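Shown next, in structure tokens, is the structure this report addresses.
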């Protein structure tokens with residue numbers, strides 16, 4: 001069975017919530033979750049979008065929506081140390097060559113640091129301590145994150161996400177199909193059960209536009 005690939009960025013509270021919930025969904029379908037750290041800002045730039053935190057009304061709504069969703073799911077969430085923040089160090093550390101439980105433990109710890117413990121995951125010492133507490137070589141991982149290999153790896157995974165149709169996080173790809181956002185989990189579950197009503201086709205992809213919003217002509 002092919003893994004369920006999760007494209008995520010630590011900057012996203014929805015990615016944090018999705019990470020918590022996705023493993024149970026994947027286990028029901030005997031799938032492995034394969035984390036793919038990507039730079040959300042690069043996805044936004046490539047698609048000409050702003051992030052929710054850059055739009056005041058959406059920023060305020062997102063904070064409440066995530067708190068409500070976390071309470072419903074029984075997940076601890078707290079305002080991060082700062083937001084938006086630069087997630088590159090944490091993303092590069094999370095892209096290290098780890099498998100299975102060590103990899104999951106690292107992503108668990110970094111998400112919890114940012115979204116449950118209010119720690120500064122832009123700080124190298126903090127990230128090293130978080131990784132070490134997860135049973136890993138924190139200083140070694142932080143040192144590796146400064147190499148060209150680590151930087152290229154996150155860039156490659158971000159480009160891969162774009163090539164596969166991603167425009168935001170969290171994005172899940174399984175069996176060639178893309179699902180975006182925590183609220184797509186019901187559709188993802190249905191797809192994995194073999195009950196997808198779309199079957200890979202976009203119902204109105206070939207419909208032509210009869211109006212163009214002012215300022216969007218390019």
Cα gyration tensor shape for the range 59-218, rounded if a/c is under 1.5, else prolate or oblate:
prolate
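Tell me, 115, 144, 180, 204 in order of fewest to most beta-carbon neighbours within 10 Å?
Numbers: 115 28, 144 16, 180 19, 204 6.
Least to most surrounded, the residues fall as 204, 144, 180, 115.
State the antiparallel share, in %, of DSSP beta bridges confined to the chain, rounding to the nearest 5.
On the way: 7 of 12 bridges.
For the chain, the DSSP antiparallel bridge percentage is about 60.
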With a ≥ b ≥ c taken as the square roots of the eigenvalues of the C-alpha gyration tensor of the range 51-93, please select rounded if a/c is under 1.5 and otherwise prolate if a/b is larger than b/c or oblate if it is not?
oblate
Would you mind checking the tilt of helix 13-28 against the longest principal axis of the Cα atoms of the chain, expressed as 0 to 90 degrees and rounded to 10?
80
How tilted is helix 56-73 with respect to the longest principal axis of the chain? Cα atoms for both, answer in degrees (0 to 90, nearest 10).
70
Which of rounded, prolate, oblate describes the range 1-45, given a ≥ b ≥ c as roots of the alpha-carbon gyration tensor eigenvalues and a/c under 1.5 marking rounded, otherwise prolate only if a/b is larger than b/c?
oblate
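So for the range 4-192, averaging the separation of alpha carbon pairs under 8 Å that are six or more residues apart and normalising by length, what relative contact order in percent results?
31
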When only Cα pairs under 8 Å and 6 or more residues apart are kept, what is the percent relative contact order across the range 14-84?
27
Order of 127, 207, 198 - criterion: other Cβ atoms within 10 Å of each residue's Cβ, fewest first:
207, 198, 127
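Can you sort 1, 157, 172 from fewest to most other Cβ atoms within 10 Å of each residue's own Cβ? Before the final figure, lay out the partial values.
Working: 1 11, 157 19, 172 27.
By the 10 Å Cβ count, ascending: 1, 157, 172.
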For the chain, what does -39500 (n - 2.57) per DSSP helix run (n ≥ 4), summed and divided by total residues, give at 222 nm, in deg cm²/dmol to the nearest 500?
-15000 deg cm²/dmol
Rounded to 10°, Cα long-axis angle of helix 124-133 versus longest principal axis of the chain
80
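None of the figures in this text is laboratory data; all of them are computed from the coordinates on show. Not measured: the values here are computed from a predicted model. Ideal geometry is used to build each Cβ from the backbone, glycine not excepted, and the neighbour counts take in all protein chains shown.
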